[in-house]
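Asks: The structure's right below; bear with me while I get my questions together.
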Amino acid sequence: MASNIPDGGSCLIVFGPHVGMDSKGTIGSVRRRGKKGNEPCCRPAIAAAGYAHAVYHGLASPYVPPDVPDDAQQNFVGTALLPYAGYVEAATDRMAELPYALFDAQKKMMGTLLQAGAGNVPGKIAVLGGIQINTQAGKSDYFLPLSFELYDSSGTLVKDLRSTIDCGRAHDYVSTSTSVARASSLPV
């Protein structure tokens, strides 16, 4: 993808999970165009949360790499959510916590990707992360920005731009390496 950036050009990366919100404000549910009733949104995130819940409670074993590629994405999302299982479990509203946990996991992944590929971008790299909020058909969807950063072509942070667009606050999870230990001590 970086090969498509003009000589001396820069790029903008936008990332984040999405979540549905119905007309009554229920998070994790949305009425889609052409459907009679509400549906879960985002289904893969909800499935990943179910998997993380089962592993957290010892009802399932952690995934191994899939044998067939059709489950690779779900495997990846479920595995990325495991360190956050205790936080989601302890939340007052698990469906509201879930996109924040997924955002944190995705932000870590974006950091890894940025470090691996920054040298291929000739200019600067702006990275905007947040949560996409899908609403019912006929209503506007929303994007809740949680991070906005500018990096140089070596992957070094040049400037934190959150204050320039009035970002929301991402949840403060402990580092992934210690979050599993903390998660296991949280009440269920």
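The values are calculated or read from the model by the stated rules, or taken from the named source; none is laboratory data. Only a predicted model underlies this, so the values are computations on that prediction, with no experimental measurement involved. With ideal geometry, Cβ positions are generated from the backbone for all residues, glycine too; neighbour counts draw on all protein chains shown. For the accessible areas, the whole protein counts, side chains as well, though only heavy atoms, and no ligand, DNA or RNA atoms are used. Shrake-Rupley method; radii C 1.70, N 1.55, O 1.52, S 1.80 Å.
Asks: Go through (1) open to solvent by 30 Å² or more (accessible area, probe 1.4 Å); (2) among the charged types (D, E, K, R); (3) over 15 Å from GLY16 (Cβ atoms) for LYS108 and report which single condition fails.
Replies: Condition not satisfied by LYS108: (3).
Asks: Another question, if that's okay. Considering only residues that are outside any helix (DSSP H, G or I) and open to solvent by less than 40 Å² (accessible area, probe 1.4 Å), which ones fall in the stretch 38-59?
Replies: As a first pass, look at the stretch 38-59 and keep what is outside any helix (DSSP H, G or I): 38-42, 57-59.
Correct list: GLU39, CYS41, CYS42.
Asks: Quick one: would you say VAL64 is closer than 14 Å to TYR51 by Cα, open to solvent by 30 Å² or more (accessible area, probe 1.4 Å) and not in a helix (DSSP H, G or I)? Reasoning before the result, please.
Replies: Details: closer than 14 Å to TYR51 by Cα: yes; open to solvent by 30 Å² or more (accessible area, probe 1.4 Å): yes; not in a helix (DSSP H, G or I): yes.
Answer is yes for this residue.
Asks: How many of the residues in the stretch 145-165 are among the aliphatic types (A, V, I, L, M), out of contact with any helix residue (DSSP H, G or I) (no Cβ under 7 Å at 6 or more places or on another chain) and either in contact (Cβ under 8 Å) with a residue 40 or more places away in the chain or not in a strand (DSSP E or B) (or both)? First the steps, then the outcome.
Replies: First pass over the stretch 145-165, keeping only residues among the aliphatic types (A, V, I, L, M): 146, 150, 157-158, 161, 165.
Filter again for out of contact with any helix residue (DSSP H, G or I) (no Cβ under 7 Å at 6 or more places or on another chain), leaving 150, 157-158, 161, 165.
Imposing the further condition that a residue be either in contact (Cβ under 8 Å) with a residue 40 or more places away in the chain or not in a strand (DSSP E or B) (or both) reduces the set to 161, 165.
Count: 2.
Asks: I've got another one for you. Being within 21 Å of the chain's Cα centre (by Cα) and open to solvent by less than 20 Å² (accessible area, probe 1.4 Å) is the filter; apply it to the stretch 119-133 and report the residue that is nearest to PRO99 (Cα to Cα).
Replies: Filtering the stretch 119-133 down to residues within 21 Å of the chain's Cα centre (by Cα) leaves 125-133.
Next cut, open to solvent by less than 20 Å² (accessible area, probe 1.4 Å) only: 125-127, 129-131.
Values: ILE125: 24, ALA126: 22, VAL127: 18, GLY129: 12, GLY130: 9, ILE131: 7 Å.
Of everything passing the filter in the stretch 119-133, ILE131 is nearest to PRO99 (Cα to Cα).
Asks: If you don't mind, another one. Quickly run through the stretch 67-96 and pick out the residues that are among the acidic types (Asp, Glu) and open to solvent by 30 Å² or more (accessible area, probe 1.4 Å).
Replies: ASP67, ASP70, ASP71, ASP93, listed by residue number.
Asks: Is it the case that ASP141 is of a type outside the set (A, V, I, L, M, F, W, C) and out of contact with any strand residue (DSSP E or B) (no Cβ under 8 Å at 6 or more places or on another chain)? Lay out the reasoning, then the answer.
Replies: Working: of a type outside the set (A, V, I, L, M, F, W, C): yes; out of contact with any strand residue (DSSP E or B) (no Cβ under 8 Å at 6 or more places or on another chain): no.
Answer is no for this residue.
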